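To start, the structure under review is shown below, and the notes come after it.
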Amino acid sequence: MNEYEHYFKVIIIGSGASGLSCLRKLVTLGMSPTDILVLEGRDRCGGRIKTEKEWGSEGGEERQGEGGRKDGTVITECGAGWVHGIGVPSSPNPILTFLPPSSCVPAFDNNVWMDPEISLLKGKAKVYAGGEEVGMETVKKGLKQYHVLMYVLTCLVKAGYDLGSGMDMTRLPVKDALEIINRQGEGLGDEIKLMSRSALGLEGRGVVRVLLHCIESWMGAPLSSLQMLEFGYTYSSDFRAYMKSRKECEGEYGDYKGAHGKVKGGMIGVIDGLADLGGEDLRGRVELGKKVNRINYEGKLTKVETEDGGTYTASVCVCTAPLGVMKARSIDFSPPLPEWKAEAINRVGVGSYKKVTMEFGGIGWDREPEVFLCARITLPGKVKAERERVEASGMLWVGDRLLVYNSWAREGLPILEAVLTGEAGEACEGREDKEILEAVLMVMRGTMGRERVGEVLRYKITRWEEDEFSMGAYSYFGLGSTGRDVASLSRRVGSPAGARVLFAGEHTNEEYQGSVHGAIISGEETAEEAWEIITGTDEGGDEGGVDDMNINEGDIDDCGDCEDEDEL
């Protein structure tokens with residue numbers, strides 16, 4: 001037995017935001033760092049936070065012009081890239097706790113994905129279709145149509161609850177509900193009447209479609225996979241009250257109140273901050289390149305086995321493996337996870353979110369907006385035919401809507417970042433980078449205009465869905481799932497003999513699901529649970545803490561011998 005196979009009080013699987021948050025919290029509660037081991041399959045810490053610096057072509061500094069970075073540094077966020085709401089003094093976003101003051105640079109005044117109106121009216125977001133910017137009058141028409149659709153959606157959810165069919169609202173996709181609303185749109189009353197196709201126009205229809213795509217980008221999933229229940233919380237008795245309630249729902253989408261922004265120097269700063277505790281770098285407790293393939297929690301202790309043949313034992317194991325990894329059954333649990341947890345893993349969804357970051361030789365696009373909402377002009381009912389035409393030509397189809405972020409607005413860099421979410425992201429799995437780039441450029445040039453989108457010098461494409469340590473971007477409420485499922489994902493398992501496996505990660509946090517701050521909070525909460533088990537203060541009923549247990553070499557060697565199973 002080598003030094004890494006000795007007993008630890010706590011073993012944490014994963015060194016992303018939740019894993020490091022758990023480690024940090026345990027140390028602040030009083031546990032010695034040497035009593036904790038973190039096993040990380042990658043060759044780095046950070047999980048789905050990955051910041052790359054100095055990516056770009058030679059001569060890029062000269063092309064930046066006025067407002068560009070003085071040092072010419074290019075920062076590429078390959079993973080999580082946003083602080084979703086800085087919060088208010090009474091409830092700040094916990095991310096800011098681990099960053100230097102003024103590190104977050106605001107980009108949007110609010111959640112542009114779920115409530116885009118403010119950014120559109122202020123010019124921080126612009127819609128492009130048919131090679132030109134869509135005029136504000138048409139944008140406002142599209143916004144009105146979008147709000148009516150979403151209002152009626154909340155009414156349908158409320159009606160379902162009143163009829164005792166609340167669970168049905170978790171199973172009916174938003175896409176199907178919107179199709180029902182469109183078919184019955186003439187009978188909604190004067191105030192909330194949908195505009196006819198002719199009154200809305202092709203550009204107005206494109207505006208509505210790209211606004212709905214903003215929701216898909218926030219969730220990381222297509223409307224066909226999103227449940228109606230997600231949109232019932234803004235219900236009001238009339239349309240005007242609904243519009244007012246939307247403004248009051250800031251910070252109710254899994255984010256915090258206030259501006260959404262980027263981190264100076266990149267999100268890796270959050271990982272650095274989590275690891276720094278009083279000048280000590282807690283990453284010293286992380287063993288890299290240790291892919292966990294088995295967790296045995298049958299006995300008095302939990303045995304963790306790695307792909308390279310390592311064996312580790314602990315009283316408490318904290319598993320922060322992403323939900324995509326759990327869905328893929330990449331880790332073998334012995335005994336198998338109880339049915340209630342396995343079913344929750346199956347029901348909760350994992351989104352797709354690919355970033356296509358492109359560096360250009362010059363700026364042809366509008367420099368001020370933070371994001372371009374691109375909508376291809378397609379005749380009603382002809383999207384399927386257009387897709388077939390594109391695919392018949394041998395090209396990849398990535399949809400008729402696209403969000404493109406403008407790095408010049410904040411950083412003075414000739415870089416655009418297109419995001420492929422939901423069905424578009426899934427369609428790109430296994431495809432060559434060049435194919436994906438060509439498909440994205442086809443949409444951008446067809447909507448923004450070829451003169452605005454020049455030649456790409458370099459590009460980078462993320463593939464979290466194809467990464468064995470993530471198997472997806474972030475979680476969302478899949479069809480048929482409920483808050484009870486998320487609670488089941490966070491609920492621990494164990495044996496009567498004493499072994500405990502706890503779970504953390506963004507997918508275990510119902511309120512802030514899918515976010516970095518949700519991962520941090522879940523790590524801290526799970527650390528407190530682990531601490532209570534170790535110290536014997538756990539309300540679950542351990543008799544005495546780990547410090548009171550008689551742990552010996554025989555326990556370590558035989559920790560998988562217990563035959564009993566209990567769901568704790």
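Where a number appears in this text, it was derived from the coordinates with a stated rule and is not lab data. Quick caveat, the model's predicted, so the values are computed rather than measured. Neighbour counts are summed over all protein chains in view; Cβ atoms, including those assigned to glycine, are modelled from backbone coordinates with ideal geometry.
Pop a pseudo-label 7 angstrom from the Cα along the beta-carbon direction at both I118 and S90 and give the gap in nm to one decimal.
My value for the distance between the label points is 1.8 nm.
Convex hull volume of the Cα atoms in the chain, per residue, in Å³?
Dividing the Cα hull volume of the chain by its residue count gives 162 Å³.
Amide H to amide H under 5 Å from V127: which residues, 5+ apart in sequence or cross-chain, H placed 1.01 Å off N in plane?
Amide H to amide H, under 5 Å and 5 or more residues apart or across chains, V127 pairs with V134, L373.
Using the crude model of +1 on Lys and Arg Cβ and -1 on Asp and Glu Cβ, and no other charge, please compute the dipole size for the chain relative to its Cα centre, in debye to 20.
Using only the charged Cβ atoms, the result is roughly 3120 debye.
In a shell of Cβ-Cβ distance under 11 Å around K25, excluding K25 itself, what net charge do Lys and Arg (+1) and Asp and Glu (-1) give?
In short, -3.
How many angstrom lie between the C-alpha centres of region 239-257 and region 260-296?
34
Can you list the residues, at least 5 places off or on another chain, whose amide H is less than 5 Å from the amide H of V74, using H built in the peptide plane?
Placed amide hydrogens put E54, W55 under 5 Å from V74.
At 7 Å along Cα-to-Cβ for each site, give me the label-to-label distance between C249 and N293 in nm.
About 4.6 nm, to one decimal.
Within region 84-105, find all residues whose amide N lies under 17 Å from a label point positioned 7 Å from the Cα of E528 along Cα-to-beta-carbon.
91-95
Between D276 and K264, 0.36 nm times their residue separation minus their Cα-Cα distance comes to what? Could you put the intermediate results ahead of the total?
On the way: separation 12, 0.36 × 12 = 4.32 nm, distance 1.78 nm.
That pair, D276 and K264, stretches by 2.5 nm at full extension.
Where in region 295-359 are there GluC sites (Glu not before Pro) that are in a DSSP coil and have at most 13 other Cβ atoms within 10 angstrom of their Cβ?
When the GluC sites (Glu not before Pro) of region 295-359 are filtered for loop state and at most 13 Cβ neighbours within 10 Å, E307 remain.
Greater than 19 Å separation of Cα atoms is the criterion. Which listed pairs, K247/K354; K53/K460; K434/K460; K144/K382, meet it?
Table pairs above 19 Å Cα-Cα are K247/K354; K144/K382.
If you take all C-alpha pairs in region 266-388, what percent of them are over 24 Å apart?
In whole percent, the share of Cα-Cα pairs in region 266-388 beyond 24 Å is 61.
What lysines sit close enough to K25 to cross-link, taking a C-alpha to C-alpha distance under 26 Å and skipping anything fewer than 8 places away on the same chain?
K9, K50, K257, K262, K264, K290, K291, K300, K303, K341
How far apart, in nanometres, would the label points at E52 and D168 be if each is projected 7 angstrom from Cα along the Cα-to-Cβ direction?
4.9
May I ask you to derive the FRET efficiency for L29 and E429 from their Cβ-Cβ distance with R0 = 60 Å, giving the value to the nearest 0.05?
0.90
Pulled fully out, how much extra length does the chain show between S196 and S236, if you take 0.36 nm times their separation in residues and subtract their Cα-Cα distance?
12.0 nm
Pick out the long, greasy-scoring helices in the chain: whole DSSP H runs spanning 20 Å or more along their own axis by Cα, mean Kyte-Doolittle at least -0.5. Walk me through the numbers before you get to the answer.
Details: long enough: 136-162 (39 Å, 0.17); 197-219 (31 Å, 0.48); 433-448 (22 Å, 0.50); 516-535 (29 Å, 0.15).
Helices meeting the span and hydropathy rule in the chain are 136-162, 197-219, 433-448, 516-535.
Taking +1 at the Cβ of each Lys and Arg and -1 at the Cβ of each Asp and Glu, which of G47, L437, G381 sits farthest along the dipole of the chain towards its positive end, judged by Cα position relative to the Cα centre?
Highest projection toward the positive end goes to G381.
With a cut-off of 12 Å, note down the residues of region 226-252 whose backbone N falls inside the zone around a label point 7 Å from the Cα of Y161 toward its beta carbon.
Zone members listed by number: 229-237.
For region 138-172 and region 335-382, what is the separation of their Cα centres, given in Å?
22
Taking amide hydrogens as modeled 1.01 Å from N in the peptide plane, which residues meet the under 5 Å criterion relative to A107, leaving out close sequence neighbours?
Those qualifying (amide H under 5 Å, at least 5 residues apart or on another chain) are H260, G261, K262.
For E524, what is the net charge nearby, where nearby means another residue's Cβ is under 9 Å from its Cβ and Lys, Arg count +1, Asp, Glu -1?
0
Taking 0.36 nm per intervening residue step and subtracting the Cα-Cα distance, what contour gain separates K140 from E339 on full extension?
Stretched fully, the K140-E339 segment lengthens by 66.7 nm.
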